[in-house]
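Data first, discussion second: the structure below is written as structure tokens.
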Amino acid sequence: MIKTQFALLRREFWEHRSLIIVPAVVAAMITLTTLTGQVSINHLDLLDMGIVGATNMPENARAVALSVAMISLTSSFIFAMWILTIFYTLDSLYAERKDRSILFWRSIPVTDFETVLSKLLTATIAIPVVTFVVIVATHLLVLLNISIWIEFRGGSPWNLIWTAVPFIDNWTATLVLLLALPLWLSPFIGWFLFVSAFTKRSPLLTAALPIFMLPLFEKMLFDSSVLAETFFERSIKMPLFAGIDNMELLFQEGEDFANFTGAKLSLLSLMDLGSFVVSPQLWIGIVVCGIFCAAAMYVRRYRDDS
């Protein structure tokens, strides 16, 4: 079973090269943007001012500033990861029926359960792990570029960057977030896989219409907004950050910012992983995802005309 899943996961990366290409393209764009931005700043002589300012900042203040920069870079990858997950799950079962490759995969000893499970694992584990690896590489590459410019201008990149950034804390928090996000959004992932298993055309439109139209009909017919609130909370309000309000301090200026930098920054301390794991909404979502995946297996096995 485990060896089969590893083989099926490799198959997903063979058939869906976008799983690698998308994060790589985002990384390239961020790196090039950072590099061109440094060139522009250098022409404006702002880099020297930045080096002087960073040198005079307390160590914790530098850690905050660098962590904010890393969070900004990571946010682009998270957005791209979710878009990639949507299109992958909608295409994963639909494409093999469209090009008739499903007939080949049915000729080998792989069950529908194993096939759908491999696609679910790709969406919930493989894509976040690949994204995390690319994020770490991008962080290192961007910081290396900045270090070269600082060294060129007479600064000390070792003191200003490499000893100031809380790498382990930032990267651990990033990995936790990347793995928790698909679990929280698992009902949508299950729904997309189900749509991919039965629709004959336009999987994106087929999947999106009920999500947008059902809350509208509920409001018109029953003057209720239960579905709209459910979709909104499932999309936005992930119960993972116990101290999310404290994140605002990272972007404040003046006396409040200076006071905050007296304490050591830890992104992991802002996460309440225990509450997230025991959250009823999380497990209800996983159950809903399981139901949709079971329906996708049934449709693929008994309702597909290929």
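The values are calculated or read from the model by the stated rules, or taken from the named source; none is laboratory data. Remember, predicted model here, so these are calculated numbers, not experimental data. Cβ coordinates were reconstructed from backbone atoms using ideal geometry, including for glycine residues, and neighbour counts include every protein chain displayed.
Determine if segment 22-32 includes at least one residue that is modelled with pLDDT under 70, touching a helix residue (DSSP H, G or I) at 6+ places or on another chain (Cβ under 6 Å) and closer than 17 Å to residue 147 by Cβ.
Within segment 22-32 (the criterion being modelled with pLDDT under 70, touching a helix residue (DSSP H, G or I) at 6+ places or on another chain (Cβ under 6 Å) and closer than 17 Å to residue 147 by Cβ), the answer is no, since none of the residues qualifies.
Of all residues in segment 65-115, count the ones that are among the β-branched types (Val, Ile, Thr), part of a helix (DSSP H, G or I) and at pLDDT below 80. Counting residues in segment 65-115 that are among the β-branched types (Val, Ile, Thr), part of a helix (DSSP H, G or I) and at pLDDT below 80 gives 1. Of all residues in segment 238-270, exactly one satisfies the criterion of being touching a Phe, Trp or Tyr at 6+ places or on another chain (Cβ under 9 Å), exposed (fewer than 15 other Cβ atoms within 10 Å of the Cβ) and either more than 14 Å from residue 65 (Cα to Cα) or at pLDDT 75 or above (or both), namely 246.
Each row is one residue, and each column tells you yes or no for (1) free of Cβ contacts under 8 Å to residues at least 40 places away in the same chain; (2) out of contact with any Phe, Trp or Tyr (no Cβ under 8 Å at 6 or more places or on another chain).
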position	(1), (2)
161	no, yes
169	no, yes
176	no, yes
187	no, no
190	no, no
199	no, no
202	yes, yes
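Taking the conditions (1) modelled with pLDDT under 70; (2) within 22 Å of residue 199 (Cβ to Cβ) in turn, residue 301 satisfies each one other than (1).
The one condition from (1) over 15 Å from the mean Cα position of the chain (by Cα); (2) among the aromatic types (Phe, Trp, Tyr); (3) closer than 22 Å to residue 11 by Cβ that residue 152 does not meet is (3). When residue 151 is tested against (1) in a helix (DSSP H, G or I); (2) touching a Leu at 6+ places or on another chain (Cβ under 7 Å); (3) not basic (Lys, Arg), only condition (2) is not met.
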